[in-house]
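Before any comments, here is the structure.
The values are calculated or read from the model by the stated rules, or taken from the named source; none is laboratory data. All of these numbers come straight from a predicted model, not from anything done at the bench. A quick note on method: Cβ atoms are made from the backbone with ideal geometry, for glycine too, and the neighbour counts reach across all protein chains shown.
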Amino acid sequence: MNHLPQAWGRPRNAILGAYNPSILQPSGPKAHTTSPIVTGTSVLAVKFKDGVVIAADNLASYGSLARFTDVKRLRTFNRRTVVGFGGDVSDMQYLDRLLLSLDIEENYGSSGHDLNALNLHTYLAKVMYKRRSDINPLWNQLLVAGLDGLDQPFLSSVDLLGTTFSSPTLATGFGAHLAQPLLRKVVDDEAKVGSVTREQATNAVRECMKVLFYRDARSLDKYSIAVITKDGVELKEDEELENQSWAFAEMIKGYGTQTV
Amino acid sequence: MLNANSPLASGPSYSFATPPNQTSTNIKQHSFNPYTDNGGSTLGITGDDFAILAGDTRSTSGYNINTRYAPKVFKIGEDDGTGESAHIVLSVVGFAADGNALKERLNAIVKMYRYQHGKPMSVKACAQRLSTILYGKRFFPYYVHAILGGLDEEGKGALYSYDPVGSYEREQCRAAGAAASLIMPFLDNQVNFKNQYIPGSGEGHALEARKATPLPRAEVEQLVRDAFTSAVERHIEVGDGLQMLVVTKNGIEEIYDPLKKD
């Protein structure tokens, strides 16, 4: 080392020639996420008469490898809203940090208001749509569950394109194919939300998590489930599927090594 | 066995215009597509003193139904704060996220116009402004077919239809979206009386075409319902519910009718 800190860590010109700073210049197109890497699978949610139930399993997959088996994909916001994340886990962690800074910023205000689920959904929809418009998407589909400004159950979705929609039951990823039809049997219409009890909604969600574990190869039997009501969020992050029955598996023919 | 090049072997093919792209080599460049099609259809018809804009409420992605209630027809310029009621309606169909962004932009502009000029924006001015907004994103378009409705300076029903980059035209009626090709010919025949002739008025070229006249409101409403119930039968992306906004001199009336949910 010499007395020039600027020279520290750099190869001496005498040995390798002058340092070529042009390699530090970004050249060519900027790289963005074009596909997700570590991913989470389905998120499910159902509205009931005084709130919303939402669930997601605790797995983060690396392709077909079950890489991280203790990843929490439900995040509470404001003690009144829960966001469920499907898709890329690193983008989920980015959004988690973003929501943390939003929460801190909001709490410095003295307006006395705090963001409800509807406000948070609008915010996330704008973030996601902005990122897709920059062709630099956050590779997620989110479900936002909670209560709106009138303390009515609120459930809505945002995806990587900024597309938003709301429904009494929602499911992302594989769940959109497998769980959504089962959940719609419980509530198929906004008008019927008022007659669904908390037990009915929770049981339906737990049953669907089981069906997804039977059929979705990127799923896990350990999951998180949250119930959001006026009294706050009850979040359980270490649930395990109960009463599994693999009896149906014997009936399946036509896959794998079986020849008959 | 399936042909390796058939769409079935290479992934699901949907009812959209573009088939799964196949390259001669097996190298695939995976990239991000900022657009999607959320299906659905919209329709607008004008009469002498009213304009009707209608749309189904289904939102789809591929073969999935996202929700059975996602409105595609909106009031523009309504203000809860000042109690100012809207007198313009907009329908957007295509890519729902762009549709929403477009609606919110136009809504903000119409409100700002009201605050700055102290009078509501005319439908004609709003129509021109919408075209400018769409053309402003000429090289990254809002992927939507918009229809704008209201009453013109004379109190007559006005309807403007747009393409995604802002070309626009005032018309009597227009269908847009997934089932536009099913509904538009029906409208040509039933609203503009295309291919209808006056019986016994002559032979060959002497045969006189039936003149188009503005239809009464009840008749137009029924035409809208018929157009949609028929479209539901033949297009999988259309269904669930029919939302109609009727603009008259007394304001905007909203009508919701269920459609088949299959």
*Taking B:D49 as the residue in question, decide whether it is within 14 Å of chain A (Cβ to nearest Cβ) and either buried (at least 22 other Cβ atoms within 10 Å of the Cβ) or more than 17 Å from B:I147 (Cα to Cα) (or both).*
no
_Can you tell me which residue is surrounded by the fewest Cβ atoms within 10 Å (Cβ to Cβ) among those in region B:58-73 that are within 15 Å of the chain's Cα centre (by Cα) and within 14 Å of chain A (Cβ to nearest Cβ)?_
B:P71
_Listing of strands (runs of 3 or more DSSP E) fully contained in region A:150-257 that carry 3 or more residues being farther than 30 Å from B:E104 by Cβ_ = A:222-229, A:232-240
*Qualifying position, being more than 30 Å from B:G62 (Cβ to Cβ) and either in contact with a Gly (Cβ under 7 Å, 6 or more places away or on another chain) or modelled with pLDDT of 95 or more (or both), among B:G149, B:G166*: B:G149
_Suppose we filter region A:58-90 for residues that are more than 21 Å from A:Y214 (Cβ to Cβ) and either assigned to a strand (DSSP E or B) or touching a Ser or Thr at 6+ places or on another chain (Cβ under 7 Å) (or both); how many remain?_
15
*Elements of type strands (runs of 3 or more DSSP E) contained in region B:93-202, each with 3 or more residues being closer than 22 Å to B:G77 by Cβ, touching a residue at least 24 places away in the same chain (Cβ under 8 Å) and in contact with a Leu (Cβ under 7 Å, 6 or more places away or on another chain)*: B:144-151, B:157-162
_If the requirement is being modelled with pLDDT under 95 and either closer than 22 Å to B:R68 by Cβ or out of contact with any helix residue (DSSP H, G or I) (no Cβ under 9 Å at 6 or more places or on another chain) (or both), which of these qualifies: A:G175, A:G112, A:G194, A:G162?_
A:G112
*Taking the options B:K194, B:K249, name whichever one is of a type in the set (D, E, K, R), surrounded by fewer than 11 Cβ atoms within 10 Å (Cβ to Cβ) and at pLDDT 95 or above.*
B:K249
*In region B:105-121, how many residues are closer than 17 Å to B:I147 by Cβ and surrounded by fewer than 19 Cβ atoms within 10 Å (Cβ to Cβ)?*
1
*asked:* Can you tell me which of (1) out of contact with any helix residue (DSSP H, G or I) (no Cβ under 8 Å at 6 or more places or on another chain); (2) more than 23 Å from B:E237 (Cβ to Cβ) is the one B:K103 doesn't meet?
replied: (2)
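Conditions (1) facing another protein chain (nearest Cβ under 10 Å); (2) over 17 Å from the mean Cα position of the chain (by Cα), marked per residue:
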{"position": "A:W139", "(1), (2)": "yes, no"}
{"position": "A:S157", "(1), (2)": "yes, no"}
{"position": "A:G162", "(1), (2)": "yes, no"}
{"position": "A:L170", "(1), (2)": "yes, no"}
{"position": "A:G173", "(1), (2)": "no, no"}
{"position": "A:A179", "(1), (2)": "no, no"}
{"position": "A:L183", "(1), (2)": "no, yes"}
{"position": "A:N203", "(1), (2)": "no, yes"}
{"position": "A:R206", "(1), (2)": "no, yes"}
*Looking at region A:21-57, which of the residues that are at pLDDT below 65 and in a loop (DSSP other than H, G, I, E, B) is farthest from the other protein chains (Cβ to nearest Cβ)?*
A:Q25
*Check A:Q152 against each of (1) surrounded by fewer than 22 Cβ atoms within 10 Å (Cβ to Cβ); (2) within 11 Å of chain B (Cβ to nearest Cβ) and name the one condition it does not meet.*
(2)
*Would you pick out the residues in region A:105-133 that are away from every other protein chain (no Cβ under 14 Å) and crowded, with 22+ Cβ neighbours inside 10 Å?*
A:A117, A:L120
